[in-house]
Amino acid sequence: MTTLASSIEGTVTSGSLLLASLLAIAAGLVSFASPCVLPLVPGYLSYVTSVAGESATEVAARDSPARRRVILGAALFVAGFAAVFVSYGALFGQAGSVLRQYEEPITQVMGVLIILMGIAFLGKLPWMQREWRFHKLPAAGLVGAPLLGAFFAIGWIPCIGPTLTAILTLSYQEGSAGRGAFLTALYSLGLGLPFILIAAGFGWAMKASGFARRHAGALMKIGGIMLILLGIILLTGWWTGIVATIQGWFPTENLLL
């Protein structure tokens with residue numbers, strides 16, 4: 001138990017993983033607030049819970065059994081796209097461990113790519129903000145919710161690609177399949193938790209969603225600037241110095257996964 005606790009503590013207080021974790025959650029939230037995701041939330045919730053004619057959140061607000069169904073449907077939908085993203089993260093993390101000797105040039109290339117993605121998020125490259133449409137969707141309802149989530153993960157990559165690319169780059173930087181999976185799980189949490197909170201009918205979540213919709217342009221600009229800064233940090237090698245500084249905040253010895 002002591003060894004396990006020390007390992008968990010070392011993982012959490014590892015400078016690179018701690019910083020990357022915060023960025024992963026923020027990137028997920030930015031993805032949720034993007035114009036090609038947020039406006040579609042009511043439709044997704046109604047589809048995965050088989051509610052028609054009125055929004056799933058309206059039904060859930062007045063009916064406890066329906067509320068549980070809406071929340072479950074949202075959770076299964078989130079689990080579907082999280083499974084896809086986590087597999088991506090594990091793959092990139094494993095690639096980082098195998099290609100460690102080429103870490104610097106690969107990270108620089110990815111830094112340039114993230115900068116371009118940030119520019120796209122600012123609306124300067126509109127062709128990168130499109131989504132792939134599936135003409136045949138899985139059956140509506142709880143059974144099809146995880147599959148629809150997986151379709152969402154694949155079909156909306158051009159739209160959420162800028163933020164996802166940044167997190168996959170950080171997964172590669174970690175050089176571990178486990179850490180890569182952990183980062184993309186946090187990204188999925190940032191993207192998926194608002195779905196569940198809105199499905200649960202929390203008033204403050206609905207107000208936050210409305211605020212994000214009204215200020216979508218500003219949020220996209222903030223996300224774009226965040227990506228450009230991250231790309232510059234990776235391209236210039238400043239990431240290592242920032243990580244070393246954060247590691248100095250923790251007196252315990254870091255144990256890597």
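Any residue in segment 220-247 that is of a type in the set (G, A, S) sitting within a Cβ distance under 9 Å of a residue that is open to solvent by 20 Å² or more (accessible area, probe 1.4 Å) and not in a helix (DSSP H, G or I)? List the pairs, counting only those 6 or more apart or interchain. From segment 220-247, the pairs are G223/L122; G224/L122; G224/G123; G224/K124.
Answer yes or no as to whether I196 is modelled with pLDDT of 80 or more and within 20 Å of V48 (Cβ to Cβ). Yes.
Yes or no, residue by residue, for (1) part of a helix (DSSP H, G or I); (2) modelled with pLDDT of 75 or more:
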site: P105; (1), (2): yes, yes
site: M110; (1), (2): yes, yes
site: H135; (1), (2): no, no
site: V143; (1), (2): no, yes
site: A153; (1), (2): yes, yes
site: Q173; (1), (2): yes, yes
site: T184; (1), (2): yes, yes
site: L189; (1), (2): yes, yes
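Quick check: is even one residue across segment 115-129 open to solvent by less than 50 Å² (accessible area, probe 1.4 Å), modelled with pLDDT of 85 or more and among the hydrophobic types (A, V, I, L, M, F, W, C)? Yes, the conditions are met somewhere in segment 115-129.
The values are calculated or read from the model by the stated rules, or taken from the named source; none is laboratory data. Quick caveat: nothing in here was measured; it's all calculated off a predicted structure. Every residue, glycine as well, gets a Cβ built from its backbone with ideal geometry; the counts of neighbours run over all protein chains shown. Surface accessibility is based on the protein's heavy atoms, side chains included, excluding ligands, DNA and RNA. Shrake-Rupley method; radii C 1.70, N 1.55, O 1.52, S 1.80 Å.
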